Amino acid sequence: MKLSINLASRRHLNQQGLTLTLSCAIVLLLLLLGFQGNTYLQNRQLTLQYQAHLDSLQEQLRGKLPKRLTPEELAEQQQAYKRAETLLQRDSFRWTGLFDRMENLLPAGVSLRSFNPDYGKNSLILNGVAKNLKSLQNLLDNLQAAQFHQVYLENQAEVQVVDDRGGKQTALRFSISLEGVF
């Protein structure tokens, strides 16, 4: 086989195919450029919105910064906080638990008339009436065994009480102080 090259002849190119391919590439690149331009504009608009929102929030924060407190105002706020804390502590005490506990400790022949709390001293004063001295001693023993910090018999006196039938009977009125209740 003999190859011959004719250098005088023109090269033959497929002009129509080349033009079509280049046109498609240019259109595709223009579409890609348009898509990226659109994405850039959307991101730019979103960035401006976020910046405006951030500026408004910073302006609000500057307007709501707490003022500096003087030592007197600070001391006053601390006292108010302590009062509120004391009130919350008093409110959180479960009186029903204490009443249930006292009911279990109360011997026969003893009646409690009042509970007087002293939150500052963490104590409770019980006022009541006992049928006799033995019942009162049993109550004191039960309270000691119930693991209160301190149990003090503040006072006792003889009183006349009316029983179920309307008759008068001699009993002991007492006052007991319990510490470590609250």
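Structure above, values below:
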read-out	value
Some residue of region 123-133 being part of a helix (DSSP H, G or I) and either among the aliphatic types (A, V, I, L, M) or out of contact with any helix residue (DSSP H, G or I) (no Cβ under 8 Å at 6 or more places or on another chain) (or both)	yes
Some residue of region 152-164 being assigned to a loop (DSSP other than H, G, I, E, B) and not acidic (Asp, Glu)	no
Residues located in region 128-143, provided they are within 23 Å of LYS168 (Cβ to Cβ) and either open to solvent by less than 100 Å² (accessible area, probe 1.4 Å) or of a type in the set (Ser, Thr, Tyr) (or both)	GLY128, VAL129, ALA130, ASN132, LEU133, SER135, LEU136, LEU139
Matching residues, region 106-122, being open to solvent by 60 Å² or more (accessible area, probe 1.4 Å) and in a loop (DSSP other than H, G, I, E, B)	ALA108, TYR119, GLY120, LYS121
Complete set of residues in region 91-105 that are open to solvent by less than 90 Å² (accessible area, probe 1.4 Å) and either modelled with pLDDT of 85 or more or assigned to a helix (DSSP H, G or I) (or both)	SER92, TRP95, GLY97, LEU98, ASP100, MET102, LEU105
Restricting region 144-170 to residues that are open to solvent by less than 40 Å² (accessible area, probe 1.4 Å) and farther than 14 Å from SER111 by Cα, the residue that is nearest to the chain's Cα centre (by Cα)	PHE148
Residue match in region 80-90 (condition: over 30 Å from GLN147 (Cα atoms), open to solvent by 80 Å² or more (accessible area, probe 1.4 Å) and under 28 Å from the mean Cα position of the chain (by Cα))	yes
Single match in THR39, THR70 (criterion: open to solvent by less than 100 Å² (accessible area, probe 1.4 Å) and within 37 Å of the chain's Cα centre (by Cα))	THR70
Meets criteria (within 30 Å of TYR119 (Cβ to Cβ) and either touching a Ser or Thr at 6+ places or on another chain (Cβ under 8 Å) or acidic (Asp, Glu) (or both)) for GLU59	no
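The values are calculated or read from the model by the stated rules, or taken from the named source; none is laboratory data. Owing to the predicted nature of the structure, the values given are computational and were not obtained by experimental measurement. Please note: Cβ atoms are built from the backbone with ideal geometry, for glycine as well, and neighbour counts cover all protein chains shown. The accessibility values were calculated without ligands, DNA or RNA, using every heavy atom of the protein model including side chains. Shrake-Rupley method; radii C 1.70, N 1.55, O 1.52, S 1.80 Å.
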